[in-house]
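Engineer: Submitted below is the structure of interest, expressed as structure tokens.
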């Protein structure tokens, strides 16, 4: 059986957290108390990175904006 390639080892999420600014990191700490977790950071060409977080049930996703706000309607879809 072929292993899912999109899944990442547990240490990768910690590396991604370093790419967040201090306000995003503080917000993420608060979100983690409610079960949210940083899943990945999109890096579109010629644009700022986009931090994507998922709720504990993995039913909803949101973008962690540079100012620390949570954008639950970012204007794009995530593959399931």
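The values are calculated or read from the model by the stated rules, or taken from the named source; none is laboratory data. This one's a predicted model, so the numbers in the text were calculated from it and none came from an experiment. Glycine gets a Cβ as well: all are built from the backbone with ideal geometry, and neighbour counts include every protein chain shown.
Engineer: Go through the stretch 18-49 and report how many residues are farther than 22 Å from residue 77 by Cα and either touching a helix residue (DSSP H, G or I) at 6+ places or on another chain (Cβ under 7 Å) or part of a strand (DSSP E or B) (or both).
Structural biologist: 1
Engineer: Can we say residue 67 is free of Cβ contacts under 8 Å to residues at least 24 places away in the same chain, out of contact with any strand residue (DSSP E or B) (no Cβ under 9 Å at 6 or more places or on another chain) and either farther than 19 Å from residue 22 by Cβ or in a loop (DSSP other than H, G, I, E, B) (or both)?
Structural biologist: Criteria not met by residue 67.
Engineer: Hey, another quick one. Tell me, yes or no, whether the stretch 4-16 has at least one residue that is modelled with pLDDT of 80 or more and assigned to a loop (DSSP other than H, G, I, E, B). Full working, then the answer.
Structural biologist: Applying the first criterion (modelled with pLDDT of 80 or more) to the stretch 4-16 yields none.
Within the stretch 4-16, not a single residue is modelled with pLDDT of 80 or more and assigned to a loop (DSSP other than H, G, I, E, B).
Engineer: Is it the case, given these coordinates, that residue 54 is modelled with pLDDT of 85 or more, on the phi > 0 side of the Ramachandran plot and out of contact with any helix residue (DSSP H, G or I) (no Cβ under 8 Å at 6 or more places or on another chain)?
Structural biologist: no
Engineer: Quick one: residue 52 ticks every box in (1) farther than 13 Å from residue 17 by Cα; (2) in contact (Cβ under 8 Å) with a residue 24 or more places away in the chain; (3) in a strand (DSSP E or B) except a single one, so which number is it?
Structural biologist: (1)
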